[in-house]
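Values in this text are rule-based calculations from the coordinates and carry no lab data. Bear in mind that the values here come from a model prediction, so they are computed numbers and not experimental data.
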């Protein structure tokens with residue numbers, strides 16, 4: 001009876017670990033995508049530096065904007081993305097810690 005309980009606990013922990021590993025992969029992909037977006041924003045900010053007017057694609061149209069207005073918009077977007085990356089990194093770190101604890105429990109019971 002005790003062995004069945006251990007086997008069931010191990011199976012549950014393996015399932016939890018698999019879910020956490022999938023979650024970690026998703027977090028990694030999301031973080032990488034956000035970092036690419038941050039790099040694109042940095043490049044755009046460099047490109048518009050010293051410009052008076054710039055154009056932004058809205059839907060299928062190019063809309064003229066002042067470089068100052070566009071710079072403010074890009075910096076705001078950059079800050080939001082940076083905050084999201086930091087939050088995602090925290091979630092990723094927490095999930096990694098949980099995964100390590102579950103892995104230790106599995107190893108201990110086997």
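A few comments on the model shown:
- Dividing the mean sequence gap of close Cα pairs (under 8 Å, 6+ apart) by how many residues the chain holds gives a relative contact order of 42 percent.
- Each helix, a run of at least 4 DSSP H residues, gives -39500 (n - 2.57); summed and divided by the residues of the chain, these come to -30500 deg cm²/dmol at 222 nm.
- Helix 2-48 axis, angle to the chain major axis (alpha carbon atoms, nearest 10°): 10 degrees
- Translational D in µm²/s for the chain (Stokes-Einstein at 4 °C, 1.567 mPa s, Kirkwood Rh from C-alpha pairs): 75 µm²/s
- The shape of region 50-110 can be summarised by an equivalent ellipsoid whose semi-axes, obtained from the alpha carbon gyration tensor, come to 47, 12, 6 Å from longest to shortest.
- Helix 67-109 vs. the chain, principal-axis angle (Cα, 0 to 90°, nearest 10): 10 degrees
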